[in-house]
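A short write-up of the structure that comes next.
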Amino acid sequence: MSDLAIELHWRRSEPAFQPGKYSAEHTVCYNSSHEVQVDAAPDWGGDPDNTNPEQALASALSSCHMMTFLALAAKADWPVASYHDYAEAHLGKNARGQMSVTRIDLHPVVRFDTGFSLDDAKLAEMQDRAHRYCFIANTLADSVEINVL
């Protein structure tokens, strides 16, 4: 199987390294060409203009779910015209009392070519299949909720 990697770069900008007195802002580089500024979530002192790991996790899940859905829809001959999602990561304490992403909600909206129609149950079934086959969802186990709109 493939080994898929990123490069992460962080350098202290403060004179001393002390608890709560340093920036967590760093750069993540994808494929040696695409850099993203990353920081802690705003609730944890991060810059709200930067991506945070929790958003990146929601993004990875949303992208994987969409690509799985598109592959399944293509096999079913469904003429997908567009796909939009609003993914939201929820922070809280898990069963062990540790801070974690306790749930990620996906809100996919799929549009089809004019003249193609599908009942809501068939669309929901395909979204469920996409969830079951999505690599990232399988990694995260039960903390994903699909809200088909």
Unique residue being farther than 19 Å from I104 by Cβ, acidic (D, E) and touching a strand residue (DSSP E or B) at 6+ places or on another chain (Cβ under 9 Å) when the list is E35, E54, E14: E35
What residue, of V101, V80, V110, V36, is hydrophobic (A, V, I, L, M, F, W, C) and without any contact (Cβ under 8 Å) to a residue 24 or more places away in the chain? V36
Which of (1) closer than 23 Å to S2 by Cβ; (2) basic (K, R); (3) surrounded by 13 or more Cβ atoms within 10 Å (Cβ to Cβ) is the odd one out, the single condition K75 does not satisfy? (3)
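Out of L57, L61, I need the residue that is buried (at least 16 other Cβ atoms within 10 Å of the Cβ) and in contact with a helix residue (DSSP H, G or I) (Cβ under 6 Å, 6 or more places away or on another chain). Which one? Lay out the reasoning, then the answer.
On the way: L57 fails: in contact with a helix residue (DSSP H, G or I) (Cβ under 6 Å, 6 or more places away or on another chain).
Checking each option against the conditions leaves just L61.
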If we keep just the residues of segment 81-129 that are more than 23 Å from N52 (Cα to Cα) and among the hydroxyl-bearing types (S, T, Y), which is modelled with the lowest pLDDT? S117
Considering only segment 1-118, give the strands (runs of 3 or more DSSP E) lying wholly within it that have at least 3 residues that are in the same structural domain as C134 (by TED's automatic domain parsing) and closer than 22 Å to A137 by Cα. 80-84, 87-93, 99-106
Over segment 36-86, the set of residues among the hydrophobic types (A, V, I, L, M, F, W, C) and within 14 Å of the chain's Cα centre (by Cα) is A56, L57, A58, A60, L61, C64, M66, M67
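The values are calculated or read from the model by the stated rules, or taken from the named source; none is laboratory data. Computed from a predicted structure; not experimentally measured. Cβ: placed from backbone, ideal geometry, glycine included. Neighbour counts: every protein chain shown.
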